[in-house]
């Protein structure tokens, strides 16, 4: 299964000149998902449009779970927490991901004021799910299928056509009263809880090589450590310190696979100032020591290092 850290996604979708990409996920075209599709909880600044072509997937969106079935559309607004898991190995879906600011007009006309501006300002949101049979579904599906012809390396004309289709999609959503007030999506308390979670995991990521305490994290979200532990575990399923250790171990696995750094240096880079503790935690999670893990990667032809 494919797993990503529960962090702000830093993948670049498209290019700086053409920040839009269309991706297809299926066992045939993406063999790493043959056992089942899984992307762990994360968020990004782009808008993501999903269309389920085959099977069913569980979508966790802003901590709420929804079953997505064949033919469903799902819209993930900028900054929304989401997690996606296929319910069986044969799932297949398309995703269109784009920077919403490409829709902004230099000239402030009525479209900018009443359609694009409120979405970019976070005042209005795209609908989370549209299912077959709903008003406007077939028209939306036709436009989305045109978007799915967008190549991975588009020329200028292809990019222009895709951008035009995005405008048409937004027009249809507005026409069919599918665009909703953001206030109806999340309560103020829910939004605050999610924002705090995002600030904490961002802080962990940015300070992964440093000493980080519960007090440090609590300061970032202006609450006491006890409440921090309570709401973070409610969202992540584990206390914040355990989450931090797991993230550090994931970073260590990446460095063991992809660099030639010695184990001691990796330990320090990942925030473990005691290499013996690092080795114990690594073996507890992986069943082998860091050196054994690196050797196994090398034997399988991975990118691991030669250094011991």
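For beta carbons closer than 8 Å, sequence separation of 6+ or different chains, a first residue in the range 157-177 that is closer than 16 Å to residue 104 by Cβ and a second that is exposed (fewer than 14 other Cβ atoms within 10 Å of the Cβ) and at pLDDT below 95, there are no qualifying pairs.
For first residues located in the range 66-80 and assigned by TED's automatic domain parsing to the domain that holds residue 138 and at positive phi, partners that are surrounded by fewer than 16 Cβ atoms within 10 Å (Cβ to Cβ) and part of a loop (DSSP other than H, G, I, E, B) and lie 6+ apart or on another chain with Cβ distances below 6 Å form the pairs 71/132.
Considering 213, 202, 184, the condition of being under 24 Å from residue 78 (Cβ atoms) and free of Cβ contacts under 8 Å to residues at least 12 places away in the same chain is satisfied by 184 alone.
On inspection, residue 290 does not qualify as free of Cβ contacts under 8 Å to residues at least 12 places away in the same chain and surrounded by 15 or more Cβ atoms within 10 Å (Cβ to Cβ). No other residue among 194, 200 is assigned to a helix (DSSP H, G or I) and closer than 15 Å to residue 128 by Cβ apart from 194. In contact with a helix residue (DSSP H, G or I) (Cβ under 7 Å, 6 or more places away or on another chain) and in a strand (DSSP E or B) - does that describe any residue in the range 52-69? Among the residues of the range 52-69, not one is in contact with a helix residue (DSSP H, G or I) (Cβ under 7 Å, 6 or more places away or on another chain) and in a strand (DSSP E or B), which makes the answer no.
The residues in the range 291-307 that are more than 28 Å from the chain's Cα centre (by Cα) and either part of a helix (DSSP H, G or I) or modelled with pLDDT of 95 or more (or both) can be counted, and the count is 6.
The values are calculated or read from the model by the stated rules, or taken from the named source; none is laboratory data. Quick caveat: nothing in here was measured; it's all calculated off a predicted structure. Neighbour counts run over all protein chains shown; Cβ positions are idealised from the backbone, glycine included.
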